Amino acid sequence: MSQVQFKPSPPKALGEEANLRDAILSKLRYELGKDSDSATEDDWYHATALAVRDRIVDLWHKTGAQSQTENKRVYYLSIEFLIGRLLFDALTNLRLVEPARRALRGLNVDFDRLRAQEPDAALGNGGLGRLAACFMDSMSALGIPAFGYGIRYENGLFEQRLHDGWQQELPEDWLARGNPWEFRRSAPSYHIGFGGTVEYLGGDDHTPRANWYPQERVLAVPYDTPVVGWRGKRVNALRLWSARVQPSALHTLDYDSAVAARLKAEAISRVLYPNDATPEGKELRLRQEYFFTAASLQDIVDRHLAEFDTLDSLPEHAAVQLNDTHPAIAVAELMRILVDEHDCSWEKAWRITKGTLNYTNHTLLPEALETWPVPLLDRLLPRHMQIIYLINWEHLQEVARRGHVDPDFLASVSLIQENGEKRVRMAHLAFLGSNCVNGVSALHTDLLRKTVFHDLAKTTPTLIVNQTNGITFRRWLYEANTALTGLLTETLGERVLDDPSCLTELQARADDPRFVERVRHARLANKSRLASLVRVSTGITIDPHVLFDVHIKRIHEYKRQLLNILETIALAQEIRARPDADHVPRVKIFAGKAAAGYERAKLIIKLANDVGRAVNRDPLLRDRLKVVFIPNYSASLAERIIPAADLSEQISTAGMEASGTGNMKLALNGALTIGTLDGANVEISEHVGEDNIFIFGLTTEQVAERVASGFEGSAAIKESKRLQAVVRSLALGEFSPDDPHRYAPIVESLLAFDRYMVAADFEAYWAAQRAVDQLWRNDADWWRKSILNTARTAWFSSDRTIRDYAHDIWKVPAG
């Protein structure tokens, strides 16, 4: 049976093909100085990207938020934007994929090879950055005037390589060959200050104005990337700031000092998430956060004043969304701009600030709720520290007026954490200074109300609302899974591309043998493609007909890759003990990066590779179990893995994952979820049906009870002979004969305080995996559930999420 392909081409395809061919040749000659005989594949990629960019620019000037006065704009501030490759995305949204393919074929250029030339923009790490990218796509698709603001990282996070199973971090040099999608703007650029002194200017009792004289100034230079919406409805701008030293600051310096000043300034936009295990790393992280937030707010204020007479109306014309606490310093910075630079009274400045800013919380983990040492903030941003103290003083006075005088309550709601080292609580600052605060799943928002912001919510009119995350189906189904999308458009019509709610009609096809067979065929094609990639990247051969069990996400203890690895060891032991039993063949597929300073996560990566080495070499296991860790996880790699997945691992400790979006992408593509009742898994379960998902493990409440009691994993291990055998194999160095004590820290953590409930949930996870085996044996039932997952996940579109933000928080119309 021939494979159906999604062909998003417009009716005037032939004319578009000729126009694109001519445009590509023109760019090749006049922009790159090449002809078709001398052009490399990289030259063809750049010529094609520039030709497509011209189309986008024409739309940009007609529709973009930078070109005309808008009633209200959205400004999305995020330290990450994991945008992935842009060529295919732009062509899809412009409905030009097939004309471009044919135009290049006429030039003897293979379109798919050309696509692979584009590097992934190294602007993000995981879900936070990918969510921001999906939201930018949806805002353009829905016609919402918007700017995204972030940092133009020259080296991004890092390129992950594996050396003997250990993660190694190398610079991600994604800009080495240039970036055809961006426009460097000569203006506006902004001077961002650090350190120095503050001069008090007087004023009344309620508005202490000051002049800040920074010791250091860094230039923020903007680079704009156009973000084109579906069918070209609107083009918005992603504005990324690059840090440069001010030329005038170098005039009085000798050569060595000038070089040092340049390196210090440019370090701000060099790498994403510098290792903050050192004081220098912590300071650089704070400099990054203030740098992009201050530049963005200055840009927003300047744009507003160019269109309107007064900043009084800023909340009516600008909605600023803070994506997590990284831009939370915006509260103090906007107050500084309003009070010190525009002579607003404190009361008016607070009204404007609180009416303009909104804050998305992404975590409940105490260690992930960002705080900054008061001495560091005072040294680096002295005026902001003064403003934060004043905000806190006014806040605590209001708390007392409301009758809250208990010292413990006051300590819990203060912006300053007093016990131990004095630190500024950035989540508290963002909460107080925002009009709306939102969680990112129903469970997460409920927990925000009950835990992190329980006391604070009693002291301020800030609203807590829920906005469950979503994903753009254009990237994660239509582009990533062309085989399945072709079948969907053939079955449901092209309306499915505009209205994913009609996916529900697939439910009637879930028992249709012909339709099921075609879905199987599409999945097998995707699995074969992934198997080829695995063979090239790891040297491991996997059978595309076996169950693909996929665990792809940032490596973190709460995401519990360790639980999956322990079950893998137990499964290998079970197969060896009963080699003649009917074991379901499967391959465990891992991918993800560990933060450079997160040693335990890096040890878990090493364990996955050590277990994989042992399992893959064992002749008793043969093709019944394999383990692969694919290095350098990225958006483009996810696009290859997700359409090939049969089982989606979403096994975080209940109550610790705010939402997740990988769970949505995998379910949309028909993978069945094995997971805990955590984050958006709860809502996925409600939408796809409890019979079509594998839920296991402790609930959020049960986890909280065990954490509070100091639960030790040794108790769970004592009750499980299977887990005892797994722990024993680690303790004896079975997977690390070169270093028998390598995994002693993991063994000790399993036996002691089981913070992430790995030992506690092990047996429940094992049972859920055996239920997966049982279902896989029943071919008709498996594929029925797979199709129902695709049919029932339309609600998780980021278009729905952005419509909700627009209506509930931003108060802007959305098409």
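Structural remarks
- For region 93-201: rounded, prolate or oblate by the Cα gyration tensor [a/c cutoff 1.5]: oblate
- Relative contact order %, the chain, counting alpha carbon pairs below 8 Å whose residues are six or more apart: 13
- Virtual paramagnetic centre 7 Å along Cα→Cβ of residue 707, amide N under 12 Å, in region 452-470: 452
- A crude spin-label estimate for the pair residue 573 and residue 254, with each label 7 Å from Cα along the Cβ direction, gives 6.6 nm.
- The calculated FRET efficiency for the pair residue 600 and residue 450, based on their C-beta separation and a Förster distance of 22 Å, comes to about 0.15.
- Dipole magnitude for the chain: about 1580 debye, using +1 per Lys or Arg Cβ and -1 per Asp or Glu Cβ, origin at the Cα centre.
- For the pair residue 280 and residue 718, label points projected 7 Å from Cα toward Cβ lie 4.9 nm apart.
- Total formal charge among the other residues, if their Cβ is under 14 angstrom from that of residue 732, Lys/Arg +1 and Asp/Glu -1: -2
- Protection proxy ranking of 368-374, 385-391 - average other beta-carbon atoms within 10 Å, highest first: 385-391, 368-374
- Region 790-811 versus region 345-415: alpha-carbon centroid distance in Å: 31
- Length added when fully stretched, residue 498-residue 231, from 0.36 nm per residue minus Cα-Cα: 95.2 nm
- Shape analysis of region 473-796 places it in the prolate category; the axes a ≥ b ≥ c from the Cα gyration tensor give an a/c of at least 1.5, with a/b above b/c.
- Least to most buried among 134, 344 (fewest other Cβ within 10 Å first): 344, 134
- Charges were assigned to the Cβ only: +1 to each Lys and Arg, -1 to each Asp and Glu. The resulting dipole of region 473-796 about its Cα centre is roughly 1000 debye.
- Neighbour-count order for 664, 426, fewest beta carbons within 10 angstrom listed first: 426, 664
- Projecting the Cα atoms of 746, 713, 488 onto the charge dipole of region 473-796, computed from C-beta unit charges around the Cα centre, puts 746 farthest toward the positive end.
- A full extension of the chain between residue 458 and residue 342 corresponds to an added length of 38.6 nm, given 0.36 nm per residue minus the alpha carbon distance.
- Converting phi to 3J(HN,Hα) with the Karplus coefficients 6.51, -1.76 and 1.60 and the offset θ = phi - 60°, region 570-580 yields 4, 5, 4, 5, 5, 5, 5, 6, 10, x, 8 Hz in sequence order, with x at every glycine or proline.
- Taking every C-alpha pair closer than 8 Å and separated by at least 6 residues, the mean separation divided by the residue count of region 473-796 gives a relative contact order of 21 percent.
- From its DSSP helices (H runs of at least four residues, each -39,500 (n - 2.57)), the chain gives a residue-normalised ellipticity at 222 nm of -14000 deg cm²/dmol.
- Peptides 123-132, 700-709 ordered by packing proxy, namely the average of other Cβ atoms within 10 Å per residue, highest first: 123-132, 700-709.
- Using a Förster distance of 25 Å, the FRET efficiency for residue 617-residue 177 (Cβ separation, nearest 0.05): 0.05
- Full extension of the chain segment joining residue 491 with residue 421 gains 19.0 nm, where the gain is 0.36 nm per residue of separation less the Cα-Cα distance.
- Sorting 409-417, 536-544, 39-47 by average packing, meaning the other beta carbons within 10 Å per residue, from highest down gives 39-47, 409-417, 536-544.
- For residue 698, nonlocal amide neighbours, meaning residues 5 or more places apart or on other chains whose placed amide H falls under 5 Å from its own, do not occur.
- For region 673-815, alpha-carbon Rg relative to the globular expectation (2.2 N^0.38 Å, N residues): 1.41
- Its convex hull of Cα atoms gives region 352-424 a direction-averaged projected area, equal to a quarter of the hull surface, of 6.2 nm².
- Shape class of the chain from the alpha-carbon gyration tensor: oblate, with a/c at 1.5 or above and b/c at least as large as a/b.
- Shown here is the pair-distance distribution of region 148-272: with all Cα-Cα distances grouped in 10 Å bins from zero up to the longest one, the shares run 11, 27, 28, 21, 10, 2, 0 percent.
- Summarising the label geometry, the points placed 7 Å from Cα in the beta-carbon direction at residue 302 and residue 112 lie 4.6 nm from one another.
Only the coordinates and a few stated rules stand behind these numbers; no lab work does. As the structure is a computational prediction, the values presented were derived from the model and not from experiment. FYI the Cβ positions are ideal-geometry reconstructions off the backbone, even for glycines, and counts take in every protein chain you see.
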